[in-house]
Amino acid sequence: MDFDSYLALPRPSSLALSPDGSRLIAAIGQYDDETGKMISALWELDPSGTAEPQRLTRSAGGESQPAFHADGSLYFVSTRDDDKSAVWRLPASGEAEQVCVADGFRIGGSTVVVTTSMLPGAKDAADDAAQRKDRKTSGVLHTSSPARVWDQELGPDETRLQLANGRDLTPTPGNALVQAEYVVAPDGRTVIAKWFVPRLDWPLAQLVAIDTATGDRRVLAEDPAAGFYDPAISPDSRYVVAARWEDPQPDTAPVLGLVLVDLETSDLREVVNGRELWPTDTTSPAFAADSSALYVVAEDHGDRPIVRVDLATGAQTRLTGAGSYQAIQVAPDGTALFALHHDMDSPHTPVRIDLATGDVVRLMSSEVELPGRVERVEATAPDGATVPGWLLLPNSDEPAPLVLRVHGGPSASAGGWNWRWNPWWLVAAGYAVLLPDPALSTGYGMECMERGWQGWGTTVYDDVIALTDVVEQRADIDATRTAAIGGSFGGYMVNWIAGHTDRFRCLISHAGIWHLGGFQGTADYSGYFARQFGTPEARPERYADRSPAQYLENISTPILVTHGGRDERVPTGQGNHLFADLQRRGVESAYLSFPDEGHMILKPANARFWNQTMIDWLNRHLR
C-alpha cells in the first residue's frame, strides 16, 4: 500500500440510525481525482449486512453529518449552493431540499438545532450580512484568553445555537460555544451544551441546559477544578452523561471520567472513574435503548473496546475483542450496536455488534492489501515499567532499516488505524516502523500517565530507547540503519532525542516543540499548558531542563523539520526557530513548510508531497 493506494481507500467517518432501526447511513470520504480533494458522500448500509451499500448523494461539495428526523427524513450538511454550508433534508422519497444556511446541526425528535457564525449584535442573518458588508477592518479585539484555537482565530464571529426556523437560542454567546459540543433531547425540549466561561488563563467549561421554547439557560455542572465535555442524552430525555476532565497541575496528572446528571432532580454523580476505566476522548458514550446503561469506548492497552456500564450497579462488561471502535449507534430494540471498527492493520469499517452473541458483522468491504505485517512488542524500562508497542515489518527476506515513530498527544496511544500519518506508507517504502506507547500513553492505567507527567523528555526518552534497544536485537532488523520521527509531542521527543543521542542516522520533526518557554507564551492553549507544566516564572528550572533547545550544542544528527504555517497548537515559530538554530550550528537540516496547513497536513496534494519528502530524507540517510 503506497501513498496513492492509501489515498484511494474509503474513509467512513460517522453513522446515523433511523428511529425505527431500519436504515443505517454512513458518511464516507473518498479522494476525487479531478479536484484533488477528499469528498464525503452519504451511503445507505444494510443493518443486517446482507445487501450491498448504496450511494445516496453525489455533489461537488460533498455531504456529511447525517442524522434522522422523527419523521424518518434524513438531514445532512452540504455546500451545494454558493459555497455556503447548509443543512439539507432528504425525505424517504423525493429530492433533497435546503433547510437553512448553517455550519452544523443536531436533531432531537422533530427539533432541529443548528450552529451559525454571526457577528456580535446581529439580530438575524440579514442583519449579519449587512454588518459584514459595512465592516471595513479585519481587526479583532480580544479581552480574554485564548485568542485562537487550533488554526482558528476567535472572533469577531460568534458561534450561536439556533432553531432551524432562525430563532436564536443564544443571542449573546461570546466565545462560549467555540468548537460547539451539544446534543438535543429526544423530546426536543432541551439542548445540552458545553459552555465556556472566561477565566484569566483558560476558560471554564460548564455543562448547561438550554430550553428550546424560551432560550433560558441553566448550569447543570460546574467545577473550578475540572471541565465538562462531549455530552450525550438518554432516550427518555431524563439523563445526561458528560466527560469530566480534571484541570492539570504541574505535579499531578488529571483524571478523565464520566458523570451522570439527572435533569429532573439536578443530581450529579460519577459513573466512570478514569483510574479504573479510561474513556476515550474521541467518541461520546451512548445510552442503552432503555436508558439503563452506557456504552463507553475505553482505552485499553492500545485497543479501544466498547464497554457496557450498568447505571444502577456500576458493573462494567467488555463487549468487544481486539481493535478500536467509535461512532456508536444503538438499535432501538436494544439488540445490537452499530459502530466503526479499525485496527493497526485494518482501516475504519462500519460493523454490527450483536449484543446477545457478541458477533461482529462487517457492513461493507474494507479489505486492504498491506505491504507487511504487524507484531506486538515490549521492553522493560530502566525503572522496571513495561513499555509496549507495535512493530510493522515489510514483506522482505532482508533485515529492514528501522524507523522509530513517537506518537503525539502526549495523552494518546499509537494503537489503531491512523489517517493522519499512516505508518504503512513507510513500510511500503521498505522500512520497519516501531510505534511505542511510552509513559503518558492512555490505556495503561493512571500509573503510566503519572510516571511520565514530570518526565517530558526524560522518562519518555528512556521508554522509547528501551523498546528500540530490544527491537534492534532482532534478526529481521538492520540496527545499523535507524531513524526517529514524530509529530507534535512526538516532534518534541525527536528534538529531545537529537540533543541526547547520536545513535540514529537521521531524524524528522513535524510540528515539534523546540523552545518550551517560547511555546508556552504563543500556543493557542498557553494558559492550559501553564496549568500543566507550571509557568516559566514559577518553574524556570523545569522549562530550561526540559526544553530541547537547551541541548542544541549536542546535536549532530541530520534533521528534517516540517511545519504548517497556520499551526497555532505548536506555532510555526517553533519550526522556524529549530531550523534557524540548526543552520547556525552547521547541522545538516532541511525545512518543509506548508503555509496553508495547520497542525496537521490534511490536503491530499500536500500530504503526498510531505510523505514523499520524508521518504526521500530517510532514503538519503538510510539507504
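Here, each number is a calculation from the coordinates, and none is a lab measurement. Because the structure is predicted, anything quoted here is derived from the model rather than measured. Note: ideal-geometry Cβ built from the backbone for every residue, glycine included; neighbour counts use all protein chains shown.
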Whole-percent tail of the Cα-Cα distance distribution for segment 427-500, cut at 20 Å, equals 35 percent
Output row, site Ala479, 7 Å Cα→C-beta label point, backbone N cut-off 19 Å, window segment 492-509, residues 501-506
Taking the 0 to 90 degree range and rounding to the nearest ten, how far is the long axis of helix 489-498 tilted relative to the main principal axis of the chain, both from C-alpha atoms?
10 degrees
Projected label distance in nm at Ser396 and Leu200, using a 7 Å step from Cα toward the beta-carbon
5.6 nm
Can you give the log10 of the normalised intensity I(q)/I(0) at q = 0.10, 0.12, 0.18, 0.23 Å⁻¹, computed with Debye over equal Cα scatterers of segment 469-587?
-0.32, -0.45, -0.90, -1.28
In the structure shown, do any of Lys123/Lys194; Lys133/Lys194; Lys84/Lys133; Lys37/Lys194; Lys37/Lys84; Lys84/Lys123 have a Cα-Cα gap over 28 Å, and if so which?
Lys133/Lys194; Lys37/Lys194
Once every Cα of segment 356-395 carries one equal point scatterer and solvent is ignored, give the base-10 log of I(q)/I(0) from the Debye formula at q = 0.14, 0.35 Å⁻¹, two decimals.
-0.63, -1.09
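Beta carbons within 10 angstrom, averaged per residue: use that to sort the peptides 317-325, 397-405, highest first. Walk me through the intermediate numbers first.
Values: 317-325: 17.2, 397-405: 20.2.
In decreasing order of mean packing, 317-325, 397-405 become 397-405, 317-325.
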Say a paramagnetic label sat at a point 7 Å from the Cα of Gln583, along Cα to Cβ; which residues of segment 507-526 have their backbone N under 18 Å from it?
509-512, 514-515
What are the residues whose amide H is under 5 Å from the amide H of Ala336, where those residues sit 5 or more places off or on another chain and H is modelled from the backbone?
Ala331, Leu355
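When a footprinting reagent is the concern and you count Cβ atoms within 10 Å, what order do His341, His621, His142, His500 take, fewest first?
Values: His341 27, His621 19, His142 12, His500 16.
Starting with the residue having the fewest Cβ neighbours, the order is His142, His500, His621, His341.
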Per principal axis, descending, Cα span of segment 372-622 in whole Å:
54, 41, 33
Helix-derived [θ] at 222 nm for the chain: sum -39500 (n - 2.57) over DSSP H runs of at least 4, divide by residue count, nearest 500?
-5000 deg cm²/dmol
Counting other C-beta atoms within 10 Å, and keeping those with at most 16, which DSSP coil trypsin sites (Lys or Arg not before Pro) do you find in segment 503-544?
Arg503
For Leu220, other-chain or 5+-apart residues with amide H closer than 5 Å (H placed, Pro excluded) are Leu207, Val208, Ala209
Quick one: the Cα spread of segment 283-420 along its three principal axes, in angstroms, biggest first?
55, 41, 26
Largest first, please: the extent of the C-alpha atoms of segment 293-368 along each principal axis, to the nearest Å.
42, 30, 19
Can you give me the Rg/Rh ratio for segment 286-335, using Cα atoms for both radii and the Kirkwood formula for Rh?
0.97
Throw me the Rg/Rh for segment 217-337, computed over C-alpha atoms with Kirkwood Rh, two decimals.
0.96
Using alpha carbons only, how many degrees (0 to 90, rounded to 10) separate the axis of helix 458-472 from the longest principal axis of the chain?
70 degrees
Averaging sequence separations of C-alpha pairs under 8 Å and six or more residues apart, then dividing by the length of the chain, give the relative contact order as a whole percent.
9 percent
Among the GluC sites (Glu not before Pro) within segment 25-69, which fall in a DSSP loop and have no more than 14 other Cβ atoms within 10 Å of their own Cβ?
Glu34
Potential extension, Leu119-Ala225 segment - 0.36 nm per residue separation minus Cα distance:
35.0 nm
Quick one: what are the phi-derived ³J(HN,Hα) couplings along segment 127-135, Karplus 6.51/-1.76/1.60 with θ = phi - 60°, whole Hz, x for glycine and proline?
5, 4, 4, 5, 5, 5, 5, 7, 6
Under a point spin-label approximation (7 Å from Cα along Cα-to-Cβ), what is the Asp2-Thr357 distance to one decimal in nm?
4.3 nm
Can you pull out the trypsin sites (Lys or Arg not before Pro) in segment 13-121 whose DSSP state is coil and whose Cβ has at most 14 other Cβ atoms within 10 Å?
Arg58, Lys84
Cβ density ranking, 10 Å radius, fewest first, applied to Met344, Met38 yields Met38, Met344
Placing one identical point scatterer on every Cα of segment 12-101 and ignoring solvent, what is log10 I(q)/I(0) from the Debye formula at q = 0.22 Å⁻¹?
-1.12
Taking amide hydrogens as modeled 1.01 Å from N in the peptide plane, which residues meet the under 5 Å criterion relative to Thr562, leaving out close sequence neighbours?
Ser509, His510, Ala511, Leu592
Nearest-ten-degree value, helix 572-585 long axis tilted from longest Cα axis of the chain
10 degrees
Using only Cα atoms, what is the ratio of the radius of gyration of the chain to 2.2 N^0.38 Å?
0.96
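Counting residues in segment 143-216 as N, plug N into 2.2 N^0.38 Å and put the Cα Rg over that result.
Values: Rg = 12.9 Å, N = 74, 2.2 N^0.38 = 11.3 Å.
Cα Rg divided by the expected 2.2 N^0.38 Å: 1.15.
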